[in-house]
Amino acid sequence: MSVTEQYLLDVHRARRLGEPAPPAPGLNDWQVVRELRDRRRFEAVLAGRPARGRLRHTLRRWLHRRPQPGH
């Protein structure tokens with residue numbers, strides 16, 4: 001059963017029972033992504049790491065790393 005079919009079945013069941021319909025699939029996806037990002041930033045601050053720009057900083061450090069002698 002697909003997500004859409006399950007949603008339609010849940011909507012039908014809710015209407016029969018007089019309950020509010022469940023949220024449509026994918027309706028809150030961006031909210032979940034934002035909450036995950038905020039959580040990661042919060043945990044970074046608690047751990048004493050920078051909350052923003054960590055990926056860019058790491059990539060910049062890797063790209064501009066000086067070659068070690070003998071390699």
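Observations
- Stretch gain in nm, segment residue 42-residue 8, where the contour uses 0.36 nm per residue and the Cα spacing is subtracted: 8.5 nm
- Helical runs assigned H by DSSP (4 residues or longer) give the chain a calculated mean residue ellipticity at 222 nm of -19500 deg cm²/dmol, each run adding -39500 (n - 2.57) before division by the residue total.
- Counting only alpha carbon atoms, the long axis of helix 3-17 and the longest principal axis of the chain meet at about 40°.
- Computed Rg/Rh of the chain, alpha carbon atoms with Kirkwood Rh: 1.37
All of the numbers you see were taken from the coordinates with simple rules; none came from a lab. As the structure is a prediction and not an experimental result, all values here were calculated from the model.
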